[in-house]
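Take a look at the structure below.
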(Lines give C-alpha, C1' and ligand atoms only; values in the text may rest on other atoms or scores of the structure.)
Protein backbone atom coordinates (compact mmCIF):
# COMPACT_ATOMS: atom_id res chain seq x y z
CA UNK A 1 0.00 0.00 0.00
CA UNK A 2 1.42 3.36 -1.01
CA UNK A 3 1.45 6.50 1.09
CA UNK A 4 -0.06 9.45 -0.83
CA UNK A 5 1.93 12.00 1.17
CA UNK A 6 5.22 10.26 0.42
CA UNK A 7 4.19 9.86 -3.22
CA UNK A 8 3.52 13.60 -3.51
CA UNK A 9 6.91 14.41 -2.01
CA UNK A 10 8.62 12.03 -4.43
CA UNK A 11 6.85 13.60 -7.42
CA UNK A 12 7.82 17.12 -6.32
CA UNK A 13 11.44 15.98 -6.08
CA UNK A 14 11.30 14.12 -9.39
CA UNK A 15 11.95 10.77 -7.73
CA UNK A 16 10.38 7.33 -7.58
CA UNK A 17 10.37 4.54 -5.01
CA UNK A 18 13.31 2.99 -6.86
CA UNK A 19 15.48 6.11 -6.80
CA UNK A 20 18.59 5.40 -4.69
CA UNK A 21 19.20 7.51 -1.61
CA UNK A 22 21.61 10.41 -1.91
CA UNK A 23 24.98 10.21 -0.23
CA UNK A 24 25.10 11.55 3.31
CA UNK A 25 26.40 15.13 3.42
CA UNK A 26 29.97 15.52 4.63
CA UNK A 27 30.45 15.99 8.36
CA UNK A 28 32.83 18.86 8.90
CA UNK A 29 35.43 18.93 11.62
CA UNK A 30 35.09 21.37 14.50
CA UNK A 31 36.14 24.92 13.71
CA UNK A 32 39.58 25.73 15.06
CA UNK A 33 40.00 29.03 16.91
CA UNK A 34 42.39 31.74 15.81
CA UNK A 35 44.26 34.12 18.09
CA UNK A 36 42.07 35.58 20.85
CA UNK A 37 42.30 39.11 19.45
CA UNK A 38 41.21 37.88 16.02
CA UNK A 39 38.32 35.87 17.48
CA UNK A 40 37.21 38.86 19.53
CA UNK A 41 37.12 41.22 16.56
CA UNK A 42 35.41 38.57 14.44
CA UNK A 43 32.67 38.22 17.04
CA UNK A 44 32.14 41.98 17.34
CA UNK A 45 32.05 42.38 13.54
CA UNK A 46 29.36 39.72 13.24
CA UNK A 47 27.26 41.42 15.94
CA UNK A 48 27.47 44.68 13.96
CA UNK A 49 26.47 42.95 10.72
CA UNK A 50 23.29 41.82 12.48
CA UNK A 51 22.28 45.39 13.41
CA UNK A 52 23.78 45.09 16.88
CA UNK A 53 25.96 47.76 18.51
CA UNK A 54 29.26 46.29 19.65
CA UNK A 55 32.33 47.85 21.21
CA UNK A 56 35.32 47.05 23.40
CA UNK A 57 35.53 48.84 26.75
CA UNK A 58 37.85 48.90 29.72
CA UNK A 59 36.13 48.14 33.03
CA UNK A 60 36.85 51.71 34.11
CA UNK A 61 34.92 53.17 31.15
CA UNK A 62 31.75 51.09 31.60
CA UNK A 63 30.11 53.62 33.92
CA UNK A 64 30.54 56.46 31.43
CA UNK A 65 29.31 54.29 28.55
CA UNK A 66 26.25 53.36 30.60
CA UNK A 67 25.50 57.03 31.22
CA UNK A 68 25.64 57.67 27.47
CA UNK A 69 23.39 54.69 26.73
CA UNK A 70 20.80 55.87 29.26
CA UNK A 71 20.81 59.44 27.95
CA UNK A 72 20.65 58.54 24.24
CA UNK A 73 17.85 56.00 24.64
CA UNK A 74 15.64 57.69 27.22
CA UNK A 75 16.01 54.82 29.69
CA UNK A 76 13.86 55.26 32.77
CA UNK A 77 13.45 51.71 34.02
CA UNK A 78 15.98 48.85 33.93
CA UNK A 79 16.56 45.34 35.20
CA UNK A 80 19.81 43.39 35.46
CA UNK A 81 21.22 40.11 36.63
CA UNK A 82 22.76 39.98 40.10
CA UNK A 83 26.38 38.99 39.53
CA UNK A 84 29.82 39.61 41.06
CA UNK A 85 30.96 41.25 37.81
CA UNK A 86 28.11 43.75 37.82
CA UNK A 87 28.74 44.53 41.48
CA UNK A 88 32.40 45.13 40.67
CA UNK A 89 31.43 47.45 37.80
CA UNK A 90 28.97 49.31 40.04
CA UNK A 91 26.11 49.09 37.53
CA UNK A 92 23.29 49.45 40.07
CA UNK A 93 24.90 52.49 41.66
CA UNK A 94 25.42 54.12 38.27
CA UNK A 95 21.83 53.52 37.18
CA UNK A 96 20.42 54.82 40.46
CA UNK A 97 22.58 57.94 40.23
CA UNK A 98 21.03 58.59 36.80
CA UNK A 99 17.50 58.37 38.20
CA UNK A 100 16.75 55.01 36.58
CA UNK A 101 14.22 52.84 38.42
CA UNK A 102 15.50 49.31 38.99
CA UNK A 103 13.20 46.33 38.66
CA UNK A 104 14.05 42.96 40.19
CA UNK A 105 15.11 40.36 37.60
CA UNK A 106 12.58 38.00 39.18
CA UNK A 107 9.68 40.46 38.89
CA UNK A 108 6.41 39.66 37.15
CA UNK A 109 6.78 39.36 33.37
CA UNK A 110 4.38 42.26 32.77
CA UNK A 111 6.54 44.54 34.90
CA UNK A 112 9.68 43.26 33.18
CA UNK A 113 8.18 44.08 29.79
CA UNK A 114 7.87 47.72 30.85
CA UNK A 115 11.64 47.99 31.33
CA UNK A 116 13.61 50.00 28.81
CA UNK A 117 16.85 48.12 29.47
CA UNK A 118 17.83 44.59 30.45
CA UNK A 119 21.48 43.88 31.32
CA UNK A 120 22.96 40.40 31.29
CA UNK A 121 26.27 38.66 30.96
CA UNK A 122 26.71 35.68 28.63
CA UNK A 123 28.03 32.19 29.26
CA UNK A 124 29.47 31.54 25.81
CA UNK A 125 30.14 33.53 22.63
CA UNK A 126 30.23 32.20 19.07
CA UNK A 127 32.44 34.42 16.87
CA UNK A 128 31.43 32.87 13.55
CA UNK A 129 27.82 34.07 13.89
CA UNK A 130 28.07 36.78 16.55
CA UNK A 131 25.88 34.70 18.84
CA UNK A 132 25.45 35.11 22.59
CA UNK A 133 24.65 31.93 24.51
CA UNK A 134 23.01 32.38 27.91
CA UNK A 135 22.16 29.67 30.40
CA UNK A 136 19.05 30.24 32.48
CA UNK A 137 18.65 29.83 36.22
CA UNK A 138 16.88 31.40 39.19
CA UNK A 139 19.81 33.82 39.51
CA UNK A 140 19.91 34.53 35.76
CA UNK A 141 16.30 34.71 34.50
CA UNK A 142 16.03 34.61 30.71
CA UNK A 143 13.31 37.29 30.77
CA UNK A 144 15.98 39.95 31.38
CA UNK A 145 17.34 39.34 27.88
CA UNK A 146 13.95 38.84 26.21
CA UNK A 147 11.42 41.39 27.50
CA UNK A 148 13.00 44.89 27.81
CA UNK A 149 13.21 46.91 24.58
CA UNK A 150 17.02 47.16 24.80
CA UNK A 151 19.30 44.25 25.70
CA UNK A 152 22.82 45.05 26.90
CA UNK A 153 25.23 42.13 27.24
CA UNK A 154 28.52 42.75 29.04
CA UNK A 155 30.92 39.96 28.11
CA UNK A 156 34.56 38.92 28.28
CA UNK A 157 36.93 37.40 25.68
CA UNK A 158 37.43 34.16 27.62
CA UNK A 159 33.79 33.27 26.88
CA UNK A 160 34.55 32.80 23.16
CA UNK A 161 34.12 29.26 21.84
CA UNK A 162 35.09 28.04 18.35
CA UNK A 163 31.70 26.48 17.57
CA UNK A 164 28.62 24.73 18.94
CA UNK A 165 30.47 21.50 19.75
CA UNK A 166 32.32 23.21 22.59
CA UNK A 167 29.20 25.04 23.80
CA UNK A 168 27.08 21.89 24.01
CA UNK A 169 29.89 19.99 25.72
CA UNK A 170 30.35 22.71 28.33
CA UNK A 171 26.61 23.25 28.86
CA UNK A 172 25.56 19.60 28.97
CA UNK A 173 24.20 19.96 32.52
CA UNK A 174 22.23 23.14 31.78
CA UNK A 175 18.45 22.92 31.72
CA UNK A 176 17.92 25.81 29.33
CA UNK A 177 20.00 27.72 26.79
CA UNK A 178 19.15 31.01 25.07
CA UNK A 179 20.87 31.71 21.73
CA UNK A 180 20.81 35.39 20.75
CA UNK A 181 21.99 36.38 17.29
CA UNK A 182 21.28 40.07 16.79
CA UNK A 183 18.13 41.98 17.86
CA UNK A 184 14.75 40.26 17.64
CA UNK A 185 13.52 40.28 14.04
CA UNK A 186 10.78 38.88 11.82
CA UNK A 187 9.77 39.08 8.16
CA UNK A 188 6.30 37.56 8.54
CA UNK A 189 4.54 40.64 7.15
CA UNK A 190 5.09 41.07 3.41
CA UNK A 191 8.63 39.66 3.82
CA UNK A 192 9.76 42.99 5.29
CA UNK A 193 12.36 42.57 8.04
CA UNK A 194 11.19 44.33 11.22
CA UNK A 195 13.19 44.57 14.44
CA UNK A 196 11.79 44.22 17.94
CA UNK A 197 8.54 42.38 17.23
CA UNK A 198 9.18 39.34 19.43
CA UNK A 199 11.83 40.73 21.77
CA UNK A 200 14.36 43.54 22.23
CA UNK A 201 14.49 46.08 19.41
CA UNK A 202 18.19 46.72 19.89
CA UNK A 203 21.17 44.73 21.12
CA UNK A 204 24.30 46.27 22.63
CA UNK A 205 27.36 44.14 23.33
CA UNK A 206 30.24 45.49 25.43
CA UNK A 207 33.37 43.37 25.37
CA UNK A 208 35.53 44.06 28.40
CA UNK A 209 39.23 44.35 27.78
CA UNK A 210 41.29 41.61 29.43
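The values are calculated or read from the model by the stated rules, or taken from the named source; none is laboratory data. Note that the structure is a prediction, hence the values are computed from the model and not measured. Here the Cβ positions follow ideal geometry from the backbone for every residue, glycine too, while neighbour counts run over all protein chains shown.
Name, by its number, the condition in (1) touching a strand residue (DSSP E or B) at 6+ places or on another chain (Cβ under 6 Å); (2) crowded, with 16+ Cβ neighbours inside 10 Å; (3) over 20 Å from residue 127 (Cβ atoms) that does not hold for residue 160.
Tallying (1) touching a strand residue (DSSP E or B) at 6+ places or on another chain (Cβ under 6 Å); (2) crowded, with 16+ Cβ neighbours inside 10 Å; (3) over 20 Å from residue 127 (Cβ atoms), residue 160 fails exactly one: (3).
For segment 146-178, which residues satisfy the criterion of being closer than 17 Å to residue 81 by Cβ, modelled with pLDDT of 95 or more and not in a loop (DSSP other than H, G, I, E, B)?
150, 151, 152, 153, 154, 155, 159
I'd like the residue in segment 49-61 that is in contact (Cβ under 8 Å) with a residue 24 or more places away in the chain and assigned to a helix (DSSP H, G or I) and, out of all such residues, is surrounded by the fewest Cβ atoms within 10 Å (Cβ to Cβ).
49
In segment 13-47, how many residues are without any contact (Cβ under 8 Å) to a residue 40 or more places away in the chain, surrounded by 10 or more Cβ atoms within 10 Å (Cβ to Cβ) and closer than 24 Å to residue 165 by Cα?
4
List the number of the failed condition for residue 135; all other conditions in (1) at pLDDT below 95; (2) within 19 Å of residue 155 (Cβ to Cβ); (3) touching a helix residue (DSSP H, G or I) at 6+ places or on another chain (Cβ under 8 Å) hold.
Single failed check for residue 135: (3).
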